[in-house]
1. Given the options Gly95, Gly75, name the one that is in contact (Cβ under 8 Å) with a residue 60 or more places away in the chain and under 12 Å from the mean Cα position of the chain (by Cα).
2. Can you tell me which residue within region 292-303, out of those that are surrounded by 17 or more Cβ atoms within 10 Å (Cβ to Cβ) and out of contact with any helix residue (DSSP H, G or I) (no Cβ under 8 Å at 6 or more places or on another chain), is nearest to Ala190 (Cα to Cα)?
3. So, of the residues in region 230-249 that are in contact with a Gly (Cβ under 7 Å, 6 or more places away or on another chain) and of a type in the set (A, V, I, L, M), which turns out to be surrounded by the fewest Cβ atoms within 10 Å (Cβ to Cβ)?
4. Whether any residue in region 180-197 is open to solvent by less than 50 Å² (accessible area, probe 1.4 Å), out of contact with any strand residue (DSSP E or B) (no Cβ under 9 Å at 6 or more places or on another chain) and assigned to a loop (DSSP other than H, G, I, E, B) is what I want to check.
5. Quickly run through region 214-241 and pick out the residues that are at pLDDT below 90 and assigned to a loop (DSSP other than H, G, I, E, B).
6. Given the criteria within 28 Å of Val305 (Cα to Cα), open to solvent by 40 Å² or more (accessible area, probe 1.4 Å) and either in contact with a His (Cβ under 6 Å, 6 or more places away or on another chain) or modelled with pLDDT of 85 or more (or both), does Ala167 qualify?
7. Could you grab me the full set of residues in region 107-123 that are out of contact with any Pro (no Cβ under 6 Å at 6 or more places or on another chain) and either touching a residue at least 40 places away in the same chain (Cβ under 8 Å) or not in a helix (DSSP H, G or I) (or both)?
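The values are calculated or read from the model by the stated rules, or taken from the named source; none is laboratory data. Bear in mind that the values here come from a model prediction, so they are computed numbers and not experimental data. When we count neighbours, we look across all protein chains shown, and the Cβ atoms used for this are built from the backbone with ideal geometry, even at glycine. With ligands, DNA and RNA removed, areas are computed over all heavy atoms of the protein, side chains included. Shrake-Rupley method; radii C 1.70, N 1.55, O 1.52, S 1.80 Å.
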Amino acid sequence: SRSVADTQWPTRTPATMLLGRRRPTRTVWDRLVHSRAAHSLPPHTIFLPAGRDSTKERAQRALPAGRTPVACLLGWVGCGERALRKYADLYTRRGVDVIALLLKPQHVALPVSRGESTMKCIADVLSAADTRERPIMVQGFSAGAFMYGNLLTELGRRGAEGADFAARIKGSVWDSPVDASGVPFGLSRAIMDGGVAGRSEGTVGQRLLQSALEAYLSPSGPMRQYYQASSDAMHGKAFGAGFSSPLAVPTAVIYSEADTVTRSEDIRAVFDKWREAGSAVEEAVFEGTQHVSHLPADPGRYEQVVARVVREAFAGAPAGLAAGAIR
């Protein structure tokens, strides 16, 4: 039998032949997308395949079937595709596929209709019959930690299926993670910066928006429950589905004392709990770097941190993956 990728798609149809027009030839990827072997990703989410240069590879909007390990990158609010591709390349060069979420303000400001629904869709895609053998690791940047909490909360609702999914998460990396208490400042700055990190910090507009978000997330307000659920999942929670967070997997947390968005003592408090739960947590403290700006400051050190987690997380990678791909 022939695979979908081997199918010879016609470059002309009778109608186009009569009109003298040539139909564009389908690429291998187009054939997969139009088959049942690929699963559509939610908006603002892209797929980059292993073994390619992620800084140049054309982004895809669907995850193909397979057993190759996959890294789920949960970006910071306002991150651009070009910036996130630099992080994706740390994985694809090591034989790991990448799903990358380009986080938008609405993912955080609208926790149910955008935040939870996006992570539900990603969980669905990774739970399909032809993708559920993929081992997973997560890298979260800033408010990406909030999205990861949403993922765990969603898995907790799925019973045994959610527990099986959680067991597939083999490692994690955290870059400048922000807890619920840091959302008002971080989100207000991201919205007001207009693409230039830190430009709005301390301005009247940023402070007014921060005050509005603090009221929106007030402990007595109706929206707080959604952010608190994510925070509880990050700090530690036993889910009725039969698994507990944090997961006892290889982990690295990257941060700086100079970060003005998230406090280093808050980060250490969370990951001390992870250690107590059995996670092998490495702390990589960068000197003088700002929020999610550690990779540009010291690319070599940053890559070493990620590479260590990849090796340990995927030490038992599926058979069929190129020998030595995980390194």
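1. Gly75
2. In this case the residue turns out to be Val292.
3. Ala248
4. no
5. Leu217, Ser218, Pro219, Ser220, Gly221, Pro222, Met223, Gly240, Ala241
6. Here the answer is yes, as Ala167 does meet what is asked.
7. Correct list: His107, Val108, Ala109, Leu110, Pro111, Val112, Gly115, Glu116, Ser117, Ile122, Ala123.
Here's the yes/no breakdown for (1) within 22 Å of Pro49 (Cβ to Cβ); (2) buried (at least 21 other Cβ atoms within 10 Å of the Cβ); (3) polar (S, T, N, Q):
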{"site": "Trp76", "(1), (2), (3)": "no, yes, no"}
{"site": "Cys79", "(1), (2), (3)": "yes, yes, no"}
{"site": "Ala83", "(1), (2), (3)": "yes, no, no"}
{"site": "Arg94", "(1), (2), (3)": "yes, yes, no"}
{"site": "Val108", "(1), (2), (3)": "no, yes, no"}
{"site": "Gly115", "(1), (2), (3)": "no, yes, no"}
{"site": "Phe141", "(1), (2), (3)": "yes, yes, no"}
